[in-house]
Amino acid sequence: SLDWTRMPFPNLATPGRWLRLSHVLAGDTPAYGGGVGLKIETVRSMEKGGSCNTVSLEFSNHLGSHVDAPRHFVADGMSVDGYAIGNWVFTRPYVADIPAEESEILDVSRFAAALVGCEDADFLLVRTGFEARRGDEGYWAASPAFDPAVADYLVGRLPSLVAVGLDTISISSYLHRELGHAAHRAFLGRGFRIFEDLALAGAPAAHGLQFVIALPLLFKNADGAPCTIAGLAADGPE
């Protein structure tokens with residue numbers, strides 16, 4: 001296994017274009033299965049005579065752009081707060097374009113055709129194009145999904161891979177929930193972290209990202225957490 005304590009931290013002064021790869025949480029952020037979204041309650045308001053502005057937030061830890069840690073489906077799996085901070089920096093990301101339709105199950109053949117020259121990738125970002133549907137009910141009700149067999153395929157094909165990300169609400173489709181549970185168990189059981197509901201529309205393809213920083217909200221024993229994710233593209237200044 002990789003010794004992350006000895007991995008070089010990227011030079012943050014590297015020329016390039018910073019991209020936000022996570023969505024901003026909002027009242028209309030879609031929730032898996034059409035569940036409860038973000039609730040924002042005003043606690044203090046300067047407009048109403050308060051000394052400052054303060055709100056309270058109520059939301060699922062799997063709402064919006066977030067990471068699933070192994071603990072999400074593995075009883076004794078790693079929790080979000082169990083990772084060293086350097087584990088949230090990825091130095092060899094790869095963006096794979098795998099266009100997908102409603103409720104389509106992406107199998108090994110779709111990945112085999114899209115992965116070219118990326119054997120050293122540590123973070124695989126899968127762009128299906130379904131992000132364009134994020135404002136529609138179909139985004140959560142009929143999203144594409146991963147075949148569980150893809151997990152084993154990636155273990156053999158990309159030996160340095162530690163995380164996958166995608167521009168759909170989940171690797172599980174609401175229309176194929178049992179298959180989705182199996183996919184979660186397959187990926188998380190092999191130690192992968194899964195980043196879901198990402199903003200990948202503007203990301204450069206293939207090796208166009210120099211590195212990615214994905215910082216989760218840290219709380220004790222978290223099986224998953226919302227993330228702020230940024231990538232540095234090599235194709236010009238901000």
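Side notes on the structure shown:
- Exposure check, 1.4 Å probe, all protein chains in place: MET46 carries approximately 110 Å² of accessible surface.
- Calculated [222 nm] ellipticity per residue, helices only, for the chain: -4000 deg cm²/dmol; basis is -39500 (n - 2.57) per DSSP H run with n ≥ 4, divided by all residues, nearest 500.
- Accessible area of VAL43 (1.4 Å probe, protein heavy atoms only, ligands and nucleic acids ignored): about 80 Å².
- Each peptide among 22-32, 59-69 gets the average number of other Cβ atoms lying within 10 Å of its residues, and from highest to lowest they stand as 59-69, 22-32.
- Surrounding net charge for ALA141, when Lys and Arg each add one and Asp and Glu each subtract one, Cβ distance under 13 Å: 0
- Debye log10 I(q)/I(0) for the chain, one point scatterer per Cα, at q = 0.08, 0.15, 0.16 Å⁻¹: -0.30, -1.03, -1.16
- In the chain, the DSSP beta bridges split such that about 65 percent are antiparallel, to the nearest 5.
- In terms of accessible area, using a 1.4 Å probe and ignoring ligands and nucleic acids, PHE130, PHE219 rank largest first as PHE219, PHE130.
- Of the residues THR42, LEU188, ALA233, the one whose Cα sits farthest towards the positive end of the charge dipole of the chain is THR42 (charges of +1 on Lys and Arg Cβ, -1 on Asp and Glu Cβ, taken about the Cα centre).
- Order of exposure, largest accessible area first, which applies to LYS220, LYS48, LYS39 with probe 1.4 Å: LYS48, LYS220, LYS39
- Per-residue packing, averaged as other Cβ atoms within 10 Å, sorts the ranges 90-98, 134-142, 227-235 into the order 90-98, 227-235, 134-142, beginning with the highest.
- Both numbers refer to the Cα atoms of segment 122-238; Rg and Dmax are 14.6, 45 Å.
- Heavy atoms of ILE213: accessible area, 1.4 Å probe, square angstrom to 10: 30 Å²
- Of all accessible heavy-atom area on the chain, the percent that carbon and sulfur account for (1.4 Å): 54 percent
- Å² per residue, accessible surface of segment 22-141 at 1.4 Å: 50 Å²
The values are calculated or read from the model by the stated rules, or taken from the named source; none is laboratory data. In this text, all values refer to a predicted model and were calculated from it rather than measured experimentally. Heads up, the Cβs are rebuilt from the backbone with ideal geometry, glycines too, and the neighbour counts pull from every protein chain shown. We work out accessible area using only protein heavy atoms, side chains counted, and drop any ligands, DNA or RNA first. Shrake-Rupley method; radii C 1.70, N 1.55, O 1.52, S 1.80 Å.
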